[in-house]
1. Based on other C-beta atoms within 10 Å, arrange A:Ile302, B:Ile100 from fewest to most.
2. What pairs in A:Lys218/A:Lys260; A:Lys298/B:Lys37; A:Lys218/B:Lys82; A:Lys57/A:Lys168; A:Lys50/A:Lys268 have C-alpha atoms more than 32 Å from each other?
3. Give the order of A:Lys79, A:Lys218 when sorted by the count of other beta carbons within 10 angstrom, beginning with the fewest.
4. How fast does the protein assembly as shown diffuse by Stokes-Einstein, in µm²/s, taking the Kirkwood radius from C-alpha pairs at 37 °C and 0.692 mPa s?
5. Sticking with the crude label model, points 7 Å out along Cα→Cβ, report the distance from A:Arg286 to B:Lys82 in nm, one decimal please.
6. Which FRET efficiency, nearest 0.05, do B:Ala54 and A:Glu170 yield, Cβ-Cβ r, R0 30 Å?
7. PRE reach from A:His132 (point 7 Å along Cα→Cβ): which of the range A:28-72 fall under 16 Å by backbone N?
8. Relative contact order, percent, of chain B when contacts are C-alpha pairs under 8 Å separated by at least 6 residues?
Amino acid sequence: MLSKGPNPQLNAGGELQHLLTLEGMPAAIIERILDTAVPFVSIAERDVKKVPLLRGKTVFNLFFENSTRTRTTFEIAAKRLSADVININVGVSSTSKGETLLDTIDNLVAMNADMFVVRHGQSGAPHLIAQHLSARQRSHIHVINAGDGRHAHPTQGLLDLFTIRHYKHEFSRLSVAIVGDVLHSRVARSLIHGLTTMGVPEIRAIGPHTLLPTAVEKMGVRVFHDMKTGLAGCDVIVMLRLQTERMKGSLLPSAGEFFKHYGLTADKLALAKPDAIVMHPGPMNRGVEIDSAVADGKHSVILPQVTFGIAVRMAVMSILAGG
Amino acid sequence: MPTEGPHGRMPEGLPDAERALAALADKMRGAVAVDAKLIGIYSGGAWLAERLAALLPGEHPVGFIDVSFYRDDYGQKGLRAKVETTTLPFEVEGSRIVLIDDVLYTGRSVRAAINELFDYGRPERIELAVLVDRGGRELPIEATYVGARVAVGRELSVVLNRAGDRFELSVEPTTSAPRA
């Protein structure tokens, strides 16, 4: 479904037209999004948490997969930009009556949509929508990928980068460890691309053989199979959600076994730098990939990630819609 | 004849920025409420607000405002490349405020700034102080205090520069970037 060739998320002038992936995204654009998100953080601290940038625009949240946090933060972001937001939970809507994805899009275009925020179980679905819009001469409508299959979750990657920069101030001297189910994680993939582009010198992936994709080393990542060596001296620890539905296969013995080896406890955290931060994209499985004491401890920046996620999504939307 | 200044073409008649600042401070001295808060519009107005706070008697709290999220040309020109964080370390509600900008031209930045301020609270009064008024208004907005007036053609932008701790004015060809 993914076509090669020029980066389809940039227009002829090299400006951001859609946000589909962090792979191949120029550092200058990532930096601009992170910089623009800074003033949006303080907008959220006002009594009036709204600015008029997207007044009169209509944003469709198209979620073909369940998500509460991501959909809610996109909805809040669009509303704080004064857009009108329509949430469509497609899983229980027209597609169950047989309508195709692109027919759904055409119908929403006929309702004068300005932006689609798309989550889909199939990798490449947001890309397909972007191509379809451009084939229909609807290039003024923007597409934001809110997570597609195992492929990408670029706004999560951006908010992770924002969080790391917020606490660590720069990227060029960091060691970042990504722990757990990297194989199934679009969050990990987007973050690795973003960290690489922003010049993070050491990216580590820690997990059992069965949950680390074989291609991860080609992405410039050092692979570890035990926490002791993997966490030693790192600045940032990103815990991934163990997708418990994966447990049904033969990938993992049990949640308890996983926690014993790869769950982040205070003991394991002590191997990292004393000022290390702990991140998690949510939703967390307490006692599976992370111990409650760590999740709620002083190294944890898991809740600030959620707050920053809204500001980052406001930045992306306002850069896209400004055209 | 136009002369070459350190920051580009300097046509005759462009006032000296330091003298304009002194003139502006003279007009504000005694006229601005003792409890007035100074709010500079990024970037030139922000520099100016800091200088004025030092020149005016009393203690005037200083804040900074970036109007990028309130500009009316967002739909045509998009978001500015660099947006600063608006920082108002005081209550806007019930306050007497002097908005400060370097160049008053169309009035659109001031309109945006006033709109933004009202999202922080309902000020008791807003006045406007500008270093240079170049005319050309497109909105019914006038400054309360003006340092100097200049006549410059539409093809030129008047720009405030900082050279060390001194201000200088220069002109640049008008680009498609959002105007003051």
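1. Fewest-to-most Cβ neighbours within 10 Å comes out as A:Ile302, B:Ile100.
2. A:Lys298/B:Lys37; A:Lys218/B:Lys82; A:Lys57/A:Lys168; A:Lys50/A:Lys268
3. Lowest count first: A:Lys218, A:Lys79.
4. Using the Kirkwood radius from Cα pairs, D works out to 130 µm²/s.
5. Modelled inter-label distance: 4.4 nm.
6. Using R0 = 30 Å, I get an efficiency of 0.35.
7. A:60-65
8. With pairs under 8 Å counted, the relative contact order is 25 percent.
Computed from the coordinates by the stated procedures, all read-outs in this text should not be read as laboratory data. This is a predicted model, so every value here is computed, not measured. When we count neighbours, we look across all protein chains shown, and the Cβ atoms used for this are built from the backbone with ideal geometry, even at glycine.
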